[in-house]
Amino acid sequence: MPTVPGYADVSLELVNAALTRPAYVTFGVDPTATDPAIIAADVYNAVTYAGSFMSIIDTQVTLVSVRVSYGTDGSADLVFVQPSTAVGGNSGTSLPPNNAALIHKVTARGGRRGRGRMYIPWCLALADAGEGGAITSARQTALNNAMAVLKTRLETASTPMVLLHNPGHTSMGAPDLVTALRADNLIGTQRRRVGR
């Protein structure tokens, strides 16, 4: 499905040394730039900034690429893939990729259309959660701090995060600006992230 004109769909490709199958973290942005290569560079800089996204990822994980699909009016998306060799900054043994931190994308819009989420794999260790799946308050704080840095760095680069909408039973409306990123206090699970 094409991206809304003037907005960009971003995919971060993550690969763990212990698993050949990659995991992807996706979100939308509202860039001032119209060149997807510039947008990809801005996103890369925000993601790898000190204390940002990559600081909470396992050191065995590499950010392999940043893919940007920029929506244009009346033609196909402009796509650029920026290769990367950035590695995570969180040492220790993380949980399998199907056990991820669930990050809520908060907007000023009410209802289901105003809520989003993303799952971040390889950022939780066994000690970060109890048997009931509750994430420790210290780790939740660390996740929230990293997400706040990511959000701020994207805004500083004039590429703020937005919530892109898919067609549904209600009017999509324009993408909504993400006002906050909050880590859930429970582990999120995704069955499809476990390789067979």
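Computed values, structure above
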{"quantity": "Rounded tilt (10° steps) of 137-156 against the dominant C-alpha axis of the chain", "calculated": "20"}
{"quantity": "Euclidean distance between Cα centres, segment 16-58 to segment 102-177, Å", "calculated": "14"}
{"quantity": "Top positive-direction residue, dipole computed over segment 101-170 with Cβ charges, set Asn145, Ala129, Gly114", "calculated": "Gly114"}
{"quantity": "Charge dipole (debye, nearest 20) of the chain; +1 at Cβ of Lys and Arg, -1 at Cβ of Asp and Glu", "calculated": "600"}
{"quantity": "Asn144-Thr26 pseudo-label distance in nm [points 7 Å out on the Cα-to-Cβ vector]", "calculated": "2.8"}
{"quantity": "Segment 8-193: relative contact order as a whole-number percent, Cα under 8 Å and 6+ apart", "calculated": "26"}
{"quantity": "Helix 36-48 vs. the chain, principal-axis angle (Cα, 0 to 90°, nearest 10)", "calculated": "30"}
{"quantity": "Normalised alpha carbon radius of gyration of segment 73-149 [divisor 2.2 N^0.38 Å]", "calculated": "1.43"}
{"quantity": "Choice from Ser137, Ser65, Ser94 showing the highest fluctuation, given a GNM over the chain with Cα pairs closer than 10 Å", "calculated": "Ser137"}
{"quantity": "Stokes-Einstein translational diffusion, segment 114-168 - Kirkwood Rh over all Cα pairs, 0.692 mPa s, 37 °C, in µm²/s", "calculated": "243"}
{"quantity": "Linear extension gain, Arg117 paired with Val81, 0.36 nm per residue minus alpha-carbon span", "calculated": "10.7 nm"}
{"quantity": "Per-selection metrics, the chain (Cα): Rg and Dmax in Å", "calculated": "16.3, 51"}
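Values quoted throughout were computed directly from the atomic coordinates according to the rules given, and no laboratory measurement underlies them. It should be emphasised that the depicted structure is a prediction, and the values quoted were computed from it without experimental measurement. Neighbour counts run over all protein chains shown; Cβ positions are idealised from the backbone, glycine included.
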